[in-house]
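Read-outs: derived from the displayed coordinates by stated rules, not from any lab. Nothing here was measured: the structure is a model prediction, and the numbers come from that model. Note: ideal-geometry Cβ built from the backbone for every residue, glycine included; neighbour counts use all protein chains shown.
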Amino acid sequence: MDKTLKYDRTLQLEVLNALVDCAPRSLTYPQELELIEKFQDEDHFIACLLYLEMHGLISNPLIKSQTLGEGVKYSFNSHSCYITEKGIDFLLDDGGLSAILKVQTVRLHNDTITALEDIIRVANMPEDQKNGLISKLRELPADAIKHLTLQLLTQGALNLPSAIQLIQKVLL
């Protein structure tokens, strides 16, 4: 089976939506049958559940049993399978509570502005243009400086061979 079909995003969303719709309860038997019918076969369904569980989007989806000669066998644990907070947040357009609770603060120190000024100073352009850019840089609000810094990091990552050569030049 083609891996894009085996791990179909549409079917993953079907599972998550079915679980969020019935929360805080588990799926009823008719809901379970309706969901499973959307998959090619049981292995396809189990693979999808395992994948969603690995990413922490659902919990307790499967009962694992060991059979002699066949190895591990999984069966759907419909009575204990629930969507997790990560799964709910994934479905919400705004990222859910995780978007609020997991905010990271980025502080820009004077060193950041000085480093940006240094980049401008070594640029191959007339002095009056350099001074104008440095003046404008000093007037920027913190959010704009943060955005500029992130854009520069992105460009550095996209031009990684050049960035690594520069790092080697500075360190050696």
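Full extension from THR28 to LEU101: what is 0.36 nm times the residue separation minus their Cα-Cα distance, to one decimal in nm?
My answer for the length gained is 23.0 nm.
At LEU50 and ILE120, where each label point lies 7 Å from the Cα along Cα→Cβ, what is the point-to-point distance in nanometres?
My value for the distance between the label points is 5.6 nm.
For the pair GLN155/LYS6, report the inter-label distance in nm, with labels modelled 7 Å from Cα in the Cβ direction.
Label at GLN155, label at LYS6, 4.2 nm between them.
On the principal axes of its Cα set, how long, how wide and how thick is the chain? Give whole Å, largest value first.
Over the chain, Cα extents along the principal axes are 75, 37, 23 Å.
Would you kindly derive the ³J(HN,Hα) couplings of the range 32-44 from the backbone phi angles with the Karplus curve 6.51 cos²θ - 1.76 cosθ + 1.60 (θ = phi - 60°), listing them in order in whole Hz, with x for Gly and Pro?
Values, residue by residue: 4, 4, 4, 5, 5, 4, 6, 9, 5, 7, 5, 4, 4 Hz.
Given the pairs LYS38/LYS102; LYS38/LYS73; LYS38/LYS86, which are separated by over 32 angstrom at their Cα positions?
Listed pairs above 32 Å: LYS38/LYS102.
Based on the Cβ-Cβ distance of ASP143 and GLU14, what FRET efficiency does E = 1/(1 + (r/R0)^6) give at R0 = 41 Å, to the nearest 0.05? Intermediate results must be reported in sequence, preceding the final value.
Numbers: r = 39 Å, r/R0 = 0.95.
Given R0 = 41 Å and the Cβ-Cβ separation, E is 0.55.
Could you pull out every one of the lysines with an alpha carbon less than 28 Å from that of LYS136, ignoring same-chain neighbours closer than 8 positions?
Straight-line reach from LYS136, under 28 Å: LYS146.
Could you run the Karplus curve 6.51 cos²θ - 1.76 cosθ + 1.60 with θ = phi - 60° over the range 86-92 and give me ³J(HN,Hα) per residue in whole Hz, x for Gly and Pro?
After applying 6.51 cos²θ - 1.76 cosθ + 1.60, I find 5, x, 5, 4, 4, 6, 6 Hz.
Near LYS3, which aspartates and glutamates are there with a Cα under 14 Å away, not counting those fewer than 8 places off in the same chain?
Once the sequence-local aspartates and glutamates are set aside, what remains near LYS3 is ASP43.
Rank ILE113, GLN165, LEU152 by how far each Cα sits towards the positive end of the charge dipole of the range 110-171 (+1 on Lys, Arg Cβ; -1 on Asp, Glu Cβ) and give me just the farthest.
GLN165
With n ≥ 4 as the cut-off for DSSP H runs, can you work out [θ] at 222 nm for the chain, using -39500 (n - 2.57) per run divided by the number of residues, rounded to the nearest 500?
Helices in the chain give a 222 nm mean residue ellipticity of -18500 deg cm²/dmol.
For the residue pair SER65 and LEU92, what label-to-label distance in nm results when each label sits 7 Å from Cα along the Cα-to-beta-carbon direction?
With each label placed 7 Å out from Cα toward Cβ, I get 3.8 nm.
Give the relative contact order (percent, whole number) for the chain; include only Cα pairs under 8 Å separated by 6+ residues. Walk me through the numbers on the way to the answer.
On the way: 131 pairs, mean separation 26.0, N = 172.
15 percent.
Using alpha-carbon pairs under 8 Å, 6+ residues apart, how would you state the relative contact order of the range 3-101 in percent?
28
For the range 3-101, what class follows from the C-alpha gyration tensor (a ≥ b ≥ c being the square roots of its eigenvalues): rounded when a/c is under 1.5, otherwise prolate if a/b is larger than b/c, else oblate?
Prolate, because a/c is 1.5 or more and a/b exceeds b/c.
If you fit an axis through the alpha-carbon atoms of helix 127-139 and take the longest principal axis of the Cα set of the chain, what angle between them do you get, 0 to 90°, nearest 10?
50
What is the range 110-171 by shape, rounded, prolate or oblate, if you read a ≥ b ≥ c off the alpha carbon gyration tensor as root eigenvalues and call it rounded for a/c under 1.5, prolate for a/b larger than b/c, and oblate otherwise? Show your work: numbers first, answer last.
Values: a/c = 2.15, a/b = 1.38, b/c = 1.55.
Since a/c reaches 1.5 but b/c is at least a/b, the shape of the range 110-171 is classed as oblate.
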